[in-house]
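Colleague: This is the structure I have questions about; it appears just below.
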Amino acid sequence: SGLPDAVLDYYNALLARKRQDEAIRQVEADFGRVTTRSGTGEARIASAELLDAEGRPARVFRVGDTALIRCAVCFEAPVTQPTFGLLVRDRLGNDVFGTNTYHLKVPAGDYRPGEQTEITFRTALNLGHGDYALTLAVHTQDTHLANNFDWWDRCLVFRVIPNAAYSFVGTAALPVTAEIRRRTQDESG
């Protein structure tokens, strides 16, 4: 509800977002998309999902939207306190942001062969508009360099589009305020 122009603009934005989302899913389905996986296989990421704040599958987000990254992990060997991680890369392959349960101080527990678990990361996509890829990992300690069980590079791709509330350039939507104070003659000296 609202003024006709505002309602039509909102509706057209929803349609454009849906079309972009479908186009990205088609690219993901193509065999031409290059992903790499490495690791010992003692734990393996069985599935990965990218969801919006309401838990619906999504590939297009506005700057600042909340995203859920959910993955299911299967264990093929005994694993003590695995670390689950994520990495966001820009379209050129540059690391934009990464973290994991070790750095977030989220204990994972111990697993036996045949067990499964699910990890969900929730984050605000304070990213500049553009295309990004997600890498997911299961390893030990703070990095995958010690014991890398599964490193799935570019497992999901997504797009961030501008929002109407905040315009900027670059790859990060940092919270910024500005204050302007006119100087009086006396302060000018």
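Colleague: Given a 1.4 Å probe, how much area per residue of the stretch 102-179 is accessible, in Å²?
Modeller: Solvent-accessible surface per residue comes out at 61 Å².
Colleague: For 106, 96, 157, write out the residues from largest to smallest accessible area, computed with a 1.4 angstrom probe and no ligands counted. Walk me through the numbers before you get to the answer.
Modeller: On the way: 106 70, 96 50, 157 20 Å².
Putting 106, 96, 157 in descending order of accessible area: 106, 96, 157.
Colleague: Give the Debye-formula value of log10 I(q)/I(0) at each listed q (0.12, 0.13, 0.23 Å⁻¹), with one equal scatterer per alpha carbon of the stretch 58-121, two decimals each.
Modeller: The computed values of log10 I(q)/I(0) come out as -0.41, -0.47, -1.06.
Colleague: I need the GluC sites (Glu not before Pro) found in the stretch 34-73, filtered to DSSP loop residues with at most 16 other beta carbons within 10 Å of theirs.
Modeller: Hits after loop and neighbour filter: 54.
Colleague: Would you mind calculating the relative contact order of the stretch 120-168 from Cα pairs under 8 angstrom and at least 6 residues apart, reporting the percent as a whole number?
Modeller: Reported relative contact order: 41 percent.
Colleague: When the convex hull of the C-alpha atoms of the stretch 88-127 is computed, what volume per residue in Å³ does it have?
Modeller: Given the Cα convex hull of the stretch 88-127, per-residue volume reads 113 Å³.
Colleague: Counting other Cβ atoms within 10 Å, keep those with at most 11, restrict to DSSP loop, and tell me which trypsin sites (Lys or Arg not before Pro) in the stretch 105-167 are left.
Modeller: Taking the stretch 105-167 and a limit of 11 other Cβ atoms within 10 Å, the loop trypsin sites (Lys or Arg not before Pro) found are 105.
Colleague: To continue, here is another question. Residue 169 versus residue 123, label points 7 Å from Cα toward the beta carbon: distance in nm?
Modeller: Output for this residue pair reads 2.5 nm.
Colleague: I would also like to ask the following. By the gyration tensor of its Cα atoms, with a ≥ b ≥ c the square roots of the eigenvalues, what is the shape of the stretch 44-189: rounded for a/c under 1.5, prolate for a/b over b/c, or oblate? Display every interim value, and only then the final one.
Modeller: Values: a/c = 2.93, a/b = 2.16, b/c = 1.35.
Cα axes put the stretch 44-189 in the prolate bin.
Colleague: 5 Å is the cut-off here: which amide hydrogens, built 1.01 Å from N in the peptide plane, fall below it relative to residue 58, excluding neighbours closer than 5 in sequence?
Modeller: Correct list: 50, 51, 52.
Colleague: Roughly how many nanometres apart are two label points built 7 Å out from the Cα toward the Cβ at residue 142 and residue 186?
Modeller: Between residue 142 and residue 186, the simple spin-label model gives 5.4 nm.
Colleague: Another one. Roughly speaking, to the nearest percent, how much of the stretch 70-176's 1.4 Å accessible area is carbon and sulfur?
Modeller: Here carbon and sulfur together make up 53 percent of the probe-accessible area.
The values are calculated or read from the model by the stated rules, or taken from the named source; none is laboratory data. A quick note: this is a predicted structure, and the numbers were derived from the prediction, not measured. When we count neighbours, we look across all protein chains shown, and the Cβ atoms used for this are built from the backbone with ideal geometry, even at glycine. With ligands, DNA and RNA removed, areas are computed over all heavy atoms of the protein, side chains included. Shrake-Rupley method; radii C 1.70, N 1.55, O 1.52, S 1.80 Å.
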